[in-house]
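Read the structure below first, then the notes.
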Amino acid sequence: MVDLVKNIALLLCIAAVSALLVNGISPHGIPLVGQWDVRQGVVTADTDSSALWMEFEIPDPEAAKRIFDAGGAVFVDVRSRDMFQAGHIPGAVSLPLGEWDTLLDGFVDKTPLDRPIVTYCSGRLCQDSHTAAQQLMDHGYQNVVVFIDGFPGWEENGYPVAAE
């Protein structure tokens, strides 16, 4: 019985080490260390990517409100259409990430590439706004930032909200 337990323990150790090794060398491996504190930014397992995004993130709702008040920027809501209709930043464009492929061409036709764009979603637990920002940059948009507190941060601060 003792030999059986030792063999099982040895097999589990070999499996764990093998899994960590394969995960570590795989280009699609899962990061073992992440950023899980919402006070520090968007929750993510990909700390390499989050460090790159820091310069493109609006760190707080007050900064987003200043951009909103200055005018000129297009706020892009990437949450679902239902969430958008229930409440959104006034004047925001609804581009749900789930409908991105069908809606993006229309957005690109109406929005010059040098126009400032602010993407947002459901707050620091949502990375959709980062995905959308990257896709907009890939289409040639030059001035794209991400409002990491998203609509919940906007609403919690008592800023104006529009609904349809």
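The values are calculated or read from the model by the stated rules, or taken from the named source; none is laboratory data. Only a predicted model underlies this, so the values are computations on that prediction, with no experimental measurement involved. Neighbour counts run over all protein chains shown; Cβ positions are idealised from the backbone, glycine included.
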Selection within the range 69-93 - of a type in the set (Gly, Ala, Ser) and free of Cβ contacts under 8 Å to residues at least 40 places away in the same chain: ALA70, GLY71, SER80
Among the candidates VAL76, VAL161, which residue alone is more than 19 Å from GLU55 (Cβ to Cβ), at pLDDT 95 or above and β-branched (Val, Ile, Thr)? VAL161
Please state which of the following conditions LEU52 fails to meet, knowing it meets all the rest: (1) hydrophobic (A, V, I, L, M, F, W, C); (2) at pLDDT 95 or above; (3) more than 20 Å from ALA163 (Cα to Cα). (2)
Check whether at least one residue in the range 102-121 is of a type outside the set (Lys, Arg), at pLDDT below 95 and touching a Pro at 6+ places or on another chain (Cβ under 6 Å), and report yes or no. no
Any chance ARG115 is in contact (Cβ under 8 Å) with a residue 60 or more places away in the chain and out of contact with any Leu (no Cβ under 6 Å at 6 or more places or on another chain): no
